[in-house]
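The values are calculated or read from the model by the stated rules, or taken from the named source; none is laboratory data. Everything numeric in this text was worked out from a predicted model, so none of it was measured. Positions of Cβ are generated from backbone atoms using ideal geometry, with glycine treated the same way; all protein chains shown enter the neighbour counts. Accessible surface areas use protein heavy atoms only, side chains included; no ligands, DNA or RNA. Shrake-Rupley method; radii C 1.70, N 1.55, O 1.52, S 1.80 Å.
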Amino acid sequence: MPETLVPALEELEDAFFTIVKKDKKFKAELNQALKDYAGRPTPLYFAENLSKKLGVKIYLKREDLLHGGAHKSNNAIGQGLLAKYMGKKRIIAETGAGQHGFAAAMAGAFLGIPTEVYMGVEDIKRQKLNVLKMKVCKAKIHPVQVRPGIGTLKDAVNEALRDWITNIKTTYYSIGSVVGPHPYPLLVRDFQKIIGEEIKKQILKKEGKLPTAIVACLGGGSNAIGAFYDFIKDKKVSLIAVEAAGKGLHTKKHSATINKGSDGILHGSLSAMLQTRDGQVKEVHSIAAGLDYPGVGPEHSYLNKIERVVYSTATDQEAIEAFKILSETEGIIPAIESAHAVAYIIREAKKYKKTDIVVINLSGRGDKDLDLISKIL
Amino acid sequence: MNNIENKFKELALKKEGALVIGTVPGYPDLKTSFDIVKKIVASGADILELSSSFSDPIADGPTLTAAHQKVLGSGVTKSQILDFYKKITASFDIPVFVIEYANIVYKIGLDRYFKKLRECGIDTVVIPDIPMEELEPFYHSAEKNGVNLALLIAPTSPDERIKRIARKSKVFVYCVLITGVTGAREVIDGATAGFIERVRKLIALPLVAGFGISQPQHIRALSKHNVDGFIVCSKIIDIINKNTSSKKKMLNELGRYISIMKSATNN
């Protein structure tokens, strides 16, 4: 990170430890907002039809039912409230699929803080519904392109960082995933870990035991770390993150950072990334705008190295198929990002016993993808 | 003492500031880029800055970002750029430093990168995205391989931090003038003067100012506060961009601009 940002990161780190970790009033206010405004706890739903079809007990953690339509609300409300406590007058955010952008816009409206969102031109095109939702909530959208027609999530992060460097005193940068410089990966994980904490309580109540596996899709990694975090110490629970294999791992068109990347420094953290031999960050691909990121949260890089989490992949085609299957069998339309997690279990179901319990973190809902899907189906 | 330090010493005796002219190696193409450097040297620049391309240069504004993108898009490789450095240092008698983003150094390998740079005749580097906290491995590897790391300070850096940075910095301290990214600006304001006054008291090394400088009056204003060097880079790229249709005109314009800027350093 450039020197200019260091004092702001120190201020944020201080706020993380004194406000997020310790301030009782902040915690109470956040819990209230998550409950009454966002709709927590989200249900843990036994997907009976899908379970019958696949021959394994499948539960869906319904983050798609959160107000905002995805797990991103947990973090955007948390960071928005933190911005308010820190006395910041303006929130900026980056977005890929528009889920974090909309969550930030919604939190900005709710908290009365003007919000501006950076979004790649390619993503603006493929996620029209979320762009409209942000606009309706009065967020200003800054289209980002690095070359004519080229611009996705990493470019949006770059522009948001440049804005922050320029407006450091007044502005809070609400980052959408467990990426970026310290303390963001910790901060965002703390706002998302409620997903796993709820899963644990709910599954113990329903099944009287912990699940066999928890599956989540992985872009930057916030929904995955949120679902996994409370289970990391429960060694018997296998944790599976599903990266986007795009058009296939043998092609250049994927964003399977952990599976195909190497260590590098991107957006202020040292983690796995997709890069050339010369250290240039690669342009990546996924049908899912929210997974289309060449980096990954550093904690995932670590969990991969210690082999606590299995990092698998699903292709665009498998995700589309999973999107269809979940919609048809359960009447639940998943975000194309979350469909990658569903795709994994559809492909791997035969490796599980009938009595095994698999929890899929259904991180977002798929309304935003209907336009895209209608063109394919 | 390296040739940048010698240059500062020599200029100080003449009571002159150093004009540091920056460009992006390989921009708009390798051949033209060499001719641009030739012109920069011939027009009186004291020190050359080479802003090496990175896909995600977060400290840079639109001008340099687009130039980096163009170089990478044209397929120029790092080894071609290193050959370019070698050619520059062999052809011209001007002190040179390189701006390199951290990931490039990291991916190539710290020792390997600094060694290669040395082999190209370059011994001073600025890494714009490595703060003090993460400096150590870079610092040691650079030192081991005979490369100097010049560090940056910004208007947001508190006094104590500036002192710590100055203690570690080699050859000069790169003083980022504004809270923002690189790019030519119209006005350099009073807050900047206040910042320079503040750091001048804390730093004994040559103080080189950058980010926003594009006009002779900027240099004259900064000279009043004992700034030792003035970095101009985005404006150079702007001039290149305005004259893509005629290389002759481009080089003439660059020459004229650099001489005007240089005359402002003679206070």
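Semi-axes of the equivalent ellipsoid for segment A:33-191, please: Cα gyration tensor eigenvalues, times 5, square-rooted, ordered largest first, whole Å.
They are 28, 19, 14 Å, listed largest first.
For B:ASP83 paired with A:LYS252, estimate the spin-label separation in nm (one decimal), with each label point 7 Å from Cα along the Cα-to-Cβ line.
Roughly 2.1 nm, to one decimal.
Using only Cα atoms, find the angle between the long axis of helix A:153-166 and the longest principal axis of chain A, and express it within 0 to 90 degrees, rounded to the nearest 10.
Taking the Cα atoms of chain A, the angle to A:153-166 is about 30 degrees.
Can you tell me the mean projection area, over all orientations, of the convex hull of chain A's alpha carbons? Units nm², please.
Convex hull of Cα atoms, orientation-averaged projection: 17.3 nm².
Once phi is turned into θ = phi - 60°, what whole-Hz ³J(HN,Hα) does the Karplus curve with 6.51, -1.76 and 1.60 give for every residue of segment A:131-136, x standing for Gly and Pro?
4, 5, 4, 5, 4, 4
Any idea what the relative contact order of chain A is, in percent, if you count C-alpha pairs under 8 Å spaced at least 6 apart?
Contact order relative to length: 19 percent.
Compute the separation of the alpha-carbon centres of segment B:75-99 and segment A:8-30 and state it in Å as a whole number.
Each part's Cα centre sits 48 Å from the other's.
When every alpha-carbon pair in segment B:95-202 is counted, what percent end up more than 25 Å apart?
26 percent
Helix-derived [θ] at 222 nm for the protein assembly as shown: sum -39500 (n - 2.57) over DSSP H runs of at least 4, divide by residue count, nearest 500?
Mean residue ellipticity, 222 nm, calculated: -13000 deg cm²/dmol.
Could you check how much of the accessible area of chain B is carbon and sulfur, as a whole percent, using a 1.4 Å probe?
Result for chain B: 51 percent of the exposed heavy-atom area is carbon or sulfur.
Averaged per residue, what accessible area in Å² does the protein assembly as shown show with a 1.4 Å probe, protein chains only?
I get 38 Å² per residue for this part.
Which far-off residues, 5 or more places away or on another chain, put their amide H under 5 Å from the one on A:THR315, with H placed in the peptide plane?
Those lying under 5 Å, H to H, from A:THR315 are A:ALA245.
Compute the long axis of helix A:99-111 from its Cα atoms, compare it with the longest principal axis of the Cα atoms of chain A, and write down the angle in degrees, 0 to 90, nearest 10.
On a 0 to 90 degree scale, this one is about 60.
Remind me, relative contact order of chain B in percent, using alpha carbon pairs under 8 angstrom and six or more residues apart?
Dividing the mean separation by the residue count of chain B yields 23 percent.
May I ask which residue of A:PRO114, A:LEU303, A:SER363 lies farthest towards the positive end of the charge dipole of chain A, with charges of +1 (Lys, Arg) and -1 (Asp, Glu) on Cβ and the Cα centre as origin?
A:SER363
Do you know which residues of segment A:143-162 lose at least 50 square angstrom of accessible area in the protein assembly compared with their chain on its own, with a 1.4 angstrom probe?
A:ARG162
Taking every alpha carbon pair in segment B:148-267, what does the distance histogram look like in 10 angstrom bins from 0, in percent?
P(r) over segment B:148-267, rounded to whole percents: 13, 42, 30, 12, 2.
Roughly how big is the A-B contact, given as buried accessible area in Å² (both sides, 1.4 Å probe, nearest 100)?
In total, this chain pair buries about 2700 Å².
To one decimal place, what Kirkwood hydrodynamic radius in Å is obtained for the protein assembly as shown from all pairs of distinct Cα atoms?
It is 25.8 Å.
Filter the GluC sites (Glu not before Pro) in segment B:181-267 to those in DSSP coil with at most 15 other Cβ atoms within 10 Å of their Cβ, and list the result.
B:GLU186
Contour minus end-to-end for A:LYS140 and A:ARG308, with contour as 0.36 nm per residue of separation and end-to-end as the Cα-Cα distance?
Result: 56.4 nm gained on full extension.
Applying the Karplus parametrisation 6.51 cos²θ - 1.76 cosθ + 1.60 with θ = phi - 60° to the phi angles of segment B:228-240, what ³J(HN,Hα) value in whole Hz is obtained for each residue in order, glycine and proline being reported as x?
Result, ordered by residue: 8, x, 10, 9, 10, 9, 4, 5, 5, 5, 4, 5, 4 Hz.
Looking at the calculated P(r) for segment B:127-186, what percent of the C-alpha pair distances fall above 16 Å?
46 percent
Using a Gaussian network for chain A with springs between C-alpha atoms less than 10 Å apart, which of these wobbles most: A:ALA76, A:ALA38, A:ALA245?
A:ALA38
Do you know the relative contact order of segment B:117-240, to the nearest whole percent, from alpha carbon pairs under 8 angstrom that are 6+ apart?
Answer for segment B:117-240 is 21 percent.
At 7 Å along Cα-to-Cβ for each site, give me the label-to-label distance between B:LYS115 and A:LYS236 in nm.
My value for the distance between the label points is 5.2 nm.
Using 0.36 nm times the number of residues separating A:ASP356 and A:LYS21, minus their current alpha carbon distance, what extension gain do you get?
117.0 nm
At a probe size of 1.4 Å, how large is the accessible area of A:THR276, to the nearest 10 Å²?
Result for A:THR276: roughly 50 Å² accessible.
Report, to the nearest 10°, how far helix A:339-348 tilts away from the longest principal axis of the Cα atoms in chain A, using its own Cα long axis and a range of 0 to 90°.
30 degrees
I need the per residue convex hull volume for segment B:1-110, using only the alpha carbons, in cubic angstrom as a whole number.
Enclosed volume per residue, from the Cα hull, is 118 Å³.
Distance between Cα centroids, segment A:307-377 to segment A:214-253: provide it in whole Å.
12 Å
Hey, for a label at A:ARG90 modelled as a point 7 Å past Cα toward Cβ, could you say which residues of segment B:151-192 have their backbone N under 16 Å away?
B:179-181
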